[in-house]
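Trainee: Below: one structure in structure tokens.
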Amino acid sequence: MSLEIKVPAVGESITEVTIAQWFKQEGDHVEMDEVICELESDKATFELNAEAAGTLHIVAKEGDTLEIGEVICNIDESAAGAAPQEAAATTETSEPAPASSGPKATGEVKEMIVPTVGESITEVTISSWIKADGDYVELDEVIAEVDSDKATFELPAEANGILRIVAEEDSTIEIGALICKIEVMEGGAPAAAPAAESSPVAAVETSDNATYATGHASPAAAKILAEKGIDASNVKGTGKDGRITKEDAEKAQATPAKPAPAATPAKEEAPAPSVPGSRNESRERMSALRKTVAKRLVSVKNETAMLTTFNEVNMKPIMDLRKKYKERFKEKYEVGLGFMSFFTKAVTMAAQEWPAVNARIEENEIVYSDFVDVSIAVSAPKGLMVPVIRNAESMSFDQIEKEVVRLATKARDGKLTIDEMTGGTFTVTNGGIFGSMLSTPIINAPQSAILGMHNIVERPMAVNGEVQILPIMYVALSYDHRIVDGRESVSFLVRVKELLEDPTRLLLGI
């Protein structure tokens, strides 16, 4: 008995995951509840446990992106008994073969439509046809690659028979639209002879009807050829009008000996090594997290009226305070006194005075919060993470510092939960730890504002008519101008500056 293991639901807003790593190999024996692979969503990484003991049969490979509920692998709970049955079945199916009267058309035409691939996906693009028009295809054989805005997936044949292509490559069609037809046949593939005849015909057509597609590689084929370092001009395409299909690219890898005659051009390029330096390139598949971050950043830039205002902060009072009390602070609270607690306290006080900075837009309403959940940007090994400090306005300095350490540690270890990364009302990001002097941070949607901290540099400042060398930090506030006016944003940042330059105000609340 084979048990299908499907991608489990891991959060309300998560619709797909990527297989980061398989811990078990195809055919391995696994025990129930044993960790068999690691999955990666756009918010967190989690482990997948075996739901039964048995032999593992992997369906999705590392790097594949699957929808929630899709089959990821099978576990054969009775592998020992299944093998003989399969053998017997093979024997049984092999016996009737000689009795077959040969292939014949049934007269039935199977119309294939674009399947539903996700709730938010309404259309797809035909990336490449792996099978050509008129080819014989078998049930479940991959005949095309289709791109959506979230993933690329393969289209299997829904019947045995002759393929008739309806939608051409690179065309975009809606979900449910007709993509091809299959003239259903019985008795297997047509004899090899017709296939041999079709090859020269195709060659003639290709040579006589050279088009833009002739010798042009499909996206999937181009990627494979690039990874192999093979020029598309050295590959003969068997697709429509001579287009190079994915199958052609894969075969090109199987015959690496052919480039031998190309030794002559290699000699012509001999002078190239005299140029110093390497020009190698490498490609790396974007993780689900990176793709989601990229999509959201672009979305925020396009869908909000984002504006940035700047100011400068004299950090000497805070640095003097830290220098005076940091040892006693650490001795009492067992955590260091950093800058984050000062900035967090300052933005929570300022946000309560200017609530629009702590608000968000939901449809046609502005939602104001009487609490401040501060998101802090953390650079983790797998990318940018933004855990949330809840009710930061009610926390003391040591509580904030301890929460920052706890969340940053979990981010580095990849242990943050989805709840710990959602629901923030305002974000603080510190590019100064990497040496940034000034930047325009991008809003963490759906929030309306984000504060950017930068490095501290000693600069000459005019103080009471005298020039003094002071440690200065530039601060930047990016905000959504749809709900935050210029007066509010500037006043908020000025208030933050006042609180930081006179930290006793943070204690007195004035």
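Trainee: How many residues does the range 67-81 hold that are outside any loop (DSSP other than H, G, I, E, B), among the aliphatic types (A, V, I, L, M) and modelled with pLDDT under 85?
Mentor: Count: 2.
Trainee: Still on this model: Do we have ALA257 as hydrophobic (A, V, I, L, M, F, W, C), at pLDDT below 65, surrounded by fewer than 12 Cβ atoms within 10 Å (Cβ to Cβ) and outside any strand (DSSP E or B) here?
Mentor: Here the answer is yes, as ALA257 does meet what is asked.
Trainee: Going by what's in this entry, would LEU384 be described as at pLDDT below 90 and within 27 Å of the chain's Cα centre (by Cα)?
Mentor: yes
Trainee: A further question follows. When only residues in the range 429-474 that are touching an Asp or Glu at 6+ places or on another chain (Cβ under 7 Å) and assigned to a loop (DSSP other than H, G, I, E, B) count, which is surrounded by the most Cβ atoms within 10 Å (Cβ to Cβ)?
Mentor: Per the criteria, the residue is SER448.
Trainee: Now for a separate question. Under 9 Å between Cβ atoms, which residue pairs at least 6 apart in sequence (or on different chains) link something in the range 316-327 that is over 12 Å from PHE342 (Cβ atoms) with a partner that is assigned to a helix (DSSP H, G or I)?
Mentor: Listed by first residue and then by second, the contacts come to LYS316/GLU501.
Trainee: Which residue, of VAL378, VAL374, VAL293, VAL298, is in contact with a Gly (Cβ under 7 Å, 6 or more places away or on another chain) and under 30 Å from GLU67 (Cα atoms)?
Mentor: Among VAL378, VAL374, VAL293, VAL298, only VAL293 is in contact with a Gly (Cβ under 7 Å, 6 or more places away or on another chain) and under 30 Å from GLU67 (Cα atoms).
Trainee: Continuing with the same structure: Are any of the residues in the range 178-188 at pLDDT below 85, in a loop (DSSP other than H, G, I, E, B) and touching a strand residue (DSSP E or B) at 6+ places or on another chain (Cβ under 6 Å)?
Mentor: Yes, the range 178-188 contains at least one residue that is at pLDDT below 85, in a loop (DSSP other than H, G, I, E, B) and touching a strand residue (DSSP E or B) at 6+ places or on another chain (Cβ under 6 Å).
Trainee: Moving on. Any chance you could count how many residues in the range 413-425 are without any contact (Cβ under 8 Å) to a residue 24 or more places away in the chain and part of a loop (DSSP other than H, G, I, E, B)?
Mentor: The number of residues fulfilling the criteria is 2.
Trainee: What's the total number of residues in the range 475-510 that are in contact (Cβ under 8 Å) with a residue 40 or more places away in the chain and assigned to a loop (DSSP other than H, G, I, E, B)?
Mentor: Final tally of qualifying residues: 8.
Trainee: Say whether the condition of being open to solvent by less than 60 Å² (accessible area, probe 1.4 Å), at pLDDT below 70 and either among the polar types (S, T, N, Q) or touching a Leu at 6+ places or on another chain (Cβ under 7 Å) (or both) is met by at least one residue in the range 206-217.
Mentor: Within the range 206-217, one or more residues are open to solvent by less than 60 Å² (accessible area, probe 1.4 Å), at pLDDT below 70 and either among the polar types (S, T, N, Q) or touching a Leu at 6+ places or on another chain (Cβ under 7 Å) (or both).
Trainee: Of the residues ASP419, ASP398, which single one is over 25 Å from the mean Cα position of the chain (by Cα) and on the phi < 0 side of the Ramachandran plot?
Mentor: Of the residues listed, the single one that is over 25 Å from the mean Cα position of the chain (by Cα) and on the phi < 0 side of the Ramachandran plot is ASP398.
Trainee: Just to verify a result, which residue in the range 372-412, among those that are out of contact with any Leu (no Cβ under 9 Å at 6 or more places or on another chain) and in a strand (DSSP E or B), is farthest from ALA44 (Cα to Cα)?
Mentor: If we take residues in the range 372-412 being out of contact with any Leu (no Cβ under 9 Å at 6 or more places or on another chain) and in a strand (DSSP E or B), then VAL374 is farthest from ALA44 (Cα to Cα).
Trainee: Hey, any hits in the range 407-420 for a residue that's among the hydrophobic types (A, V, I, L, M, F, W, C), in contact with a strand residue (DSSP E or B) (Cβ under 7 Å, 6 or more places away or on another chain), buried (at least 16 other Cβ atoms within 10 Å of the Cβ) and closer than 24 Å to GLU312 by Cβ?
Mentor: Checked the range 407-420: no residue is among the hydrophobic types (A, V, I, L, M, F, W, C), in contact with a strand residue (DSSP E or B) (Cβ under 7 Å, 6 or more places away or on another chain), buried (at least 16 other Cβ atoms within 10 Å of the Cβ) and closer than 24 Å to GLU312 by Cβ.
Trainee: Among the residues of the range 475-482, is there at least one that is within 38 Å of the chain's Cα centre (by Cα) and open to solvent by 60 Å² or more (accessible area, probe 1.4 Å)?
Mentor: Yes, that holds for at least one residue.
Trainee: Which condition breaks for LEU56 when tested against (1) surrounded by fewer than 17 Cβ atoms within 10 Å (Cβ to Cβ); (2) modelled with pLDDT of 85 or more; (3) within 12 Å of GLU77 (Cα to Cα)?
Mentor: So the condition that LEU56 fails would be (1).
Trainee: Can you tell me which of (1) open to solvent by 50 Å² or more (accessible area, probe 1.4 Å); (2) within 27 Å of PRO355 (Cβ to Cβ) is the one MET395 doesn't meet?
Mentor: All conditions are met except number (1).
Trainee: So in the range 23-45, with the set limited to residues that are within 22 Å of ALA411 (Cα to Cα) and surrounded by 19 or more Cβ atoms within 10 Å (Cβ to Cβ), which one is modelled with the highest pLDDT?
Mentor: Looking at the filtered set, the residue picked out is CYS37.
Trainee: In the range 426-440, is there at least one residue being over 10 Å from PRO387 (Cβ atoms) and touching a Lys or Arg at 6+ places or on another chain (Cβ under 7 Å)?
Mentor: So far as the range 426-440 goes, no, none of its residues is over 10 Å from PRO387 (Cβ atoms) and touching a Lys or Arg at 6+ places or on another chain (Cβ under 7 Å).
The values are calculated or read from the model by the stated rules, or taken from the named source; none is laboratory data. All figures in this text were calculated on a predicted structure; none of them were measured in a lab. A quick note on method: Cβ atoms are made from the backbone with ideal geometry, for glycine too, and the neighbour counts reach across all protein chains shown. Note: areas computed on protein heavy atoms with side chains; ligands, DNA, RNA excluded. Shrake-Rupley method; radii C 1.70, N 1.55, O 1.52, S 1.80 Å.
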